[in-house]
Structures are given as C-alpha cells and as structure tokens.
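Please read through the structure below; I'll follow up with questions.
The values are calculated or read from the model by the stated rules, or taken from the named source; none is laboratory data. Source: prediction; values computed, not measured. Virtual Cβ from ideal backbone geometry, glycine too; neighbours counted across all protein chains shown. Ligands, DNA and RNA are stripped out before the accessible areas are found, and what is left, the full protein with its side chains, is counted by its heavy atoms. Shrake-Rupley method; radii C 1.70, N 1.55, O 1.52, S 1.80 Å.
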Amino acid sequence: MRKILLFMMAVMTVGGMAYGQESYEGYSAWLQAVDEYRPAPGQFINDMPVYSSGDDAAVMASKCTSAIAGDVYLSGHGMISLGGFGGSVIFHFDHRVSNEVGQRDFCVLGNTFSTKQSDGTRLVLSSEPGIVMVSVDENGNGLPDDPWYELAGSCTDAVYDYEVTYQPNPMGDISWTDNQGGEGSILRQDEYHEQEYYPLWMEGTQTYRGTLLPKNGIQVSVSPEKWELHPFDWGYVDNQANLGANNDYDWQANGFDIDWAVDAARQPIHLDGIDFVRVYTAENQQCGWLGETSTEVMGAKDLHLSASVKAITGIRDIDFGGKDVEYYDLSGRQYNFPQRGLFIVRQKDGTVRKVAKDD
C-alpha cells in the first residue's frame, strides 16, 4: 500500500547497523533465493517486481530473488509486494536454520515504520501483517513440497481455513468472494497506479487459503481522510516497525521462533530446524486512499548463523573412525563420498568448508 513511499523516506533519514553475524564458514545469514512468488491482486502487483511481457512464474521468482536476497543494507536492495489476502512468497537460506531453544531464530523484514513520540517511544500505525509458515525438506529434493506449519502469532481471534477467490477484470476493480459468504473488491486507483492489478503471468480465477487476521485498519478522520493500521503484539511480518529507537532494526519485534509452529490441527509441533519459509498477506481489507492491505517483504536473516551451521555440519566431538574427512549435504545428511552440487567437507581437526562439485 501507499506507506511504501513514506517508509523509503524514513529509511533515507535513519541509519542502520546489522545485527549478529553476516557470514560464518562460508554461509550467509541472509535470505539466499525465492522459490515461488504467488501474489494476490493489488496496487503494486506487476510493479514490485516489474512484470515484462512473456515473464512466467519462474522469471518472476528470479526477479524477487534479485530484489530481496542478501543484505538489506546494500545499495540497490529492494522489496516485493504480496498483494491482497493470500498473496505469498516462498524463500530459503543457503543452510538449514536451526531451532535455538528460547530464542527468535530468524527475522523477516517488511516496510512498517514508526514515528517517534515526545516521550521517546515509537508509535506504529502502518502495519500490514503477514503470516509465516515453515517447512522442513524431509524428502531431501531441495524443493518446498513437504508439509507446512504455521508459526502462531499473538492474535487469538483469527479465522482459520479462510478461502478467497479473485476474478480477473483487466484494468478494473478485482472482485472476490470468500468461503464465509463474503464478497468485495480490490479497488483500482488510477490516479496512483497505471499498471494491471491482477498478476499478468497467472491466468483465470485464483483461490488462496490460510488464516485471516482481524481487520486492523481504523479510519480516524474523514476530512482529511486518515487511517491507522494498528499492529498485533508479535508473530507477523510487516507488523512491527523495522527502525528501533537506537536507529537499528528491532530484530526481536520482527523475529520468529520456530517453536511457535503448529500443525494443521493447531497443535504445537517441535522442529529442530527449517529449510523453507512462506509469508502470505493475512488481512482482507480496503482502507480508503491507502488501498488494500498488502504485506511487503524486504528480506530475511538467520539470527544465530553460527549455531545453525554447527547444527547442520555436525561439529561435535565424535570418532572419525580413521577417516580424514567427512561429507555432508546442506541439510546435514552424511555421505561416504562427495555429492554433486554444493556439499560440506569437515576435516578431522574440526574445520569446515563448503564445496561445489559439477560432476
């Protein structure tokens, strides 16, 4: 939504410094690549990232990687928009993120910003919350095709198993119906956006499912028209402000604990680590001139990189059985010989390095 311009102005005037390790043993703490980009219709779709004629889903995912992979502080780093309810992105790191007990394990950054009040506290009124799901590459094929688990946030009155279907309407309002008997539209605002709102590489009606959060937008003034989008306490992307009182990202506010994972019956489930992350817009609301509520994503970071690398490489005191080296894939599975692609070599002295093998 239109908070993007305000957020970018805030970023240009407030500095930042990275939290924790940026790299360790050849691994990066930052998001490596986007696996899938499936936005819902919205005012920044086909624009963040830009769609070009002939682009397919793979090309759009690659454009998302170019926008949000790596260090968010580097020049040219961008963001992507997920559109209305259900619009999503799936991404991974270059390693499995380990579950460290009692800690936020990774963060996902949106573009929510805050204003500093006279008492020094920060007020957040631009929240466009998205839900996080995680998955483990159980079948080892490197694809996000294993079971997904939602990371449950602070909201207790959400609608579960919510479903919305959007109808294409070229250069017009995008109508939707849901499985609760509701209907509505994502309204075009030609004075702000000239591109098509419906994802141009996706044909026909599109249906999205997930957890719907309660509406967080409140109109507080009619003339001038003013809206406040209040954040939830914790557990959502693009929900709390990125910029903290010390001119640094508030990693805790934007952090996620893998132990928040719940299964399809919403029962807690323990995961030692995760390989894929999915974020989707969890609101279905229009807020006047601000347009539809749409989660934006800037990037993601492993908050304890060295612990994750040690967990997957098996750095511990064990008997090598007379061998000088051991070989592991990026998920930590041990092999008797080097595997094609990226793999890990651990020396008998405990040193670890990542190696690429073409054949």
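Please go through segment 195-210 and give me each residue that is of a type outside the set (Ser, Thr, Tyr) and open to solvent by less than 10 Å² (accessible area, probe 1.4 Å), ordered by number.
First pass over segment 195-210, keeping only residues of a type outside the set (Ser, Thr, Tyr): 195-196, 199-204, 206, 209-210.
Residue satisfying the conditions is PRO199 alone.
Can you name the residue in segment 98-149 that is of a type in the set (A, V, I, L, M) and assigned to a strand (DSSP E or B) and, of all such residues, is most open to solvent (accessible area, probe 1.4 Å)?
Step one: filter segment 98-149 for residues of a type in the set (A, V, I, L, M), giving 101, 108-109, 123-125, 131-134, 136, 143.
Going one step further and asking which of them are assigned to a strand (DSSP E or B), we end up with 108-109, 123-124, 131-134.
Values: VAL108: 0, LEU109: 1, LEU123: 69, VAL124: 19, ILE131: 1, VAL132: 0, MET133: 33, VAL134: 0 Å².
Among residues in segment 98-149 that are of a type in the set (A, V, I, L, M) and assigned to a strand (DSSP E or B), the one most open to solvent (accessible area, probe 1.4 Å) is LEU123.
Can you list the strands (runs of 3 or more DSSP E) lying wholly within segment 211-312 that have 2 or more residues being closer than 24 Å to ARG38 by Cα and open to solvent by less than 20 Å² (accessible area, probe 1.4 Å)? It would help to see each step written out before you state the result.
On the way: elements: 217-221, 226-229, 276-281, 299-302.
Hits in segment 211-312: 276-281, 299-302.
Take the residues in segment 101-110 that are over 12 Å from the mean Cα position of the chain (by Cα) and modelled with pLDDT under 95, then tell me which one is nearest to ASN242 (Cα to Cα). First the steps, then the outcome.
If we filter segment 101-110 for residues that are over 12 Å from the mean Cα position of the chain (by Cα), which is where we start, we get 101-105.
Subset that is modelled with pLDDT under 95: 101-104.
Details: VAL101: 24, GLY102: 22, GLN103: 19, ARG104: 15 Å.
Among residues in segment 101-110 that are over 12 Å from the mean Cα position of the chain (by Cα) and modelled with pLDDT under 95, the one nearest to ASN242 (Cα to Cα) is ARG104.
Right, here's the next one. Say we look at segment 45-87 and pick out the residues that are surrounded by 24 or more Cβ atoms within 10 Å (Cβ to Cβ) and among the hydrophobic types (A, V, I, L, M, F, W, C); which of these is nearest to ASP190 (Cα to Cα)?
The qualifying residue nearest to ASP190 (Cα to Cα) is ILE45.
Answer with yes or no whether PRO49 is within 18 Å of GLU196 (Cβ to Cβ), touching a Lys or Arg at 6+ places or on another chain (Cβ under 7 Å) and touching a residue at least 12 places away in the same chain (Cβ under 8 Å). Steps first, answer last, please.
On the way: within 18 Å of GLU196 (Cβ to Cβ): yes; touching a Lys or Arg at 6+ places or on another chain (Cβ under 7 Å): yes; touching a residue at least 12 places away in the same chain (Cβ under 8 Å): yes.
The answer is yes for PRO49.
Test THR112 against the criterion of being without any contact (Cβ under 8 Å) to a residue 60 or more places away in the chain and either within 30 Å of GLU183 (Cα to Cα) or not small (Gly, Ala, Ser) (or both), and give yes or no.
Working: without any contact (Cβ under 8 Å) to a residue 60 or more places away in the chain: no; either within 30 Å of GLU183 (Cα to Cα) or not small (Gly, Ala, Ser) (or both): yes.
Judged against the criteria, THR112 is not a match.
So TRP201 clears everything in (1) over 19 Å from the mean Cα position of the chain (by Cα); (2) outside any loop (DSSP other than H, G, I, E, B); (3) modelled with pLDDT of 95 or more except one condition, right? Which one?
Failed condition: (2).
I'd like the residue in segment 18-44 that is of a type in the set (S, T, N, Q) and in a loop (DSSP other than H, G, I, E, B) and, out of all such residues, is surrounded by the most Cβ atoms within 10 Å (Cβ to Cβ).
Narrowing segment 18-44 to residues of a type in the set (S, T, N, Q): 21, 23, 28, 32, 43.
From the residues that got through so far, the ones that are in a loop (DSSP other than H, G, I, E, B) too are 21, 32, 43.
Values: GLN21: 17, GLN32: 16, GLN43: 25.
By that ranking, first place goes to GLN43.
Which number in (1) of a type in the set (D, E, K, R); (2) at pLDDT 70 or above; (3) under 30 Å from TYR73 (Cα atoms); (4) over 17 Å from the mean Cα position of the chain (by Cα) marks the one condition that ASP257 misses?
(4)
Within segment 219-231, does at least one residue satisfy the condition of being on the phi > 0 side of the Ramachandran plot and touching a strand residue (DSSP E or B) at 6+ places or on another chain (Cβ under 6 Å)? Write out each step before concluding.
Applying the first criterion (on the phi > 0 side of the Ramachandran plot) to segment 219-231 yields none.
No, segment 219-231 contains no residue that is on the phi > 0 side of the Ramachandran plot and touching a strand residue (DSSP E or B) at 6+ places or on another chain (Cβ under 6 Å).
I've got another one for you. Would you check which residues across segment 272-297 are of a type in the set (Gly, Ala, Ser) and at pLDDT 95 or above and list them?
Here is the first cut: in segment 272-297, the residues of a type in the set (Gly, Ala, Ser) are 273, 282, 288, 291, 294.
Residues satisfying the conditions are GLY273, ALA282, SER294.
Is segment 210-218 home to any residue that is in contact with a strand residue (DSSP E or B) (Cβ under 6 Å, 6 or more places away or on another chain) and among the hydroxyl-bearing types (Ser, Thr, Tyr)? If you could, list the steps in order and put the result at the bottom.
Of segment 210-218, the ones in contact with a strand residue (DSSP E or B) (Cβ under 6 Å, 6 or more places away or on another chain) are 210-212, 216-218.
Next, from what is left, pick out any that are among the hydroxyl-bearing types (Ser, Thr, Tyr): 211.
Within segment 210-218, one or more residues are in contact with a strand residue (DSSP E or B) (Cβ under 6 Å, 6 or more places away or on another chain) and among the hydroxyl-bearing types (Ser, Thr, Tyr).
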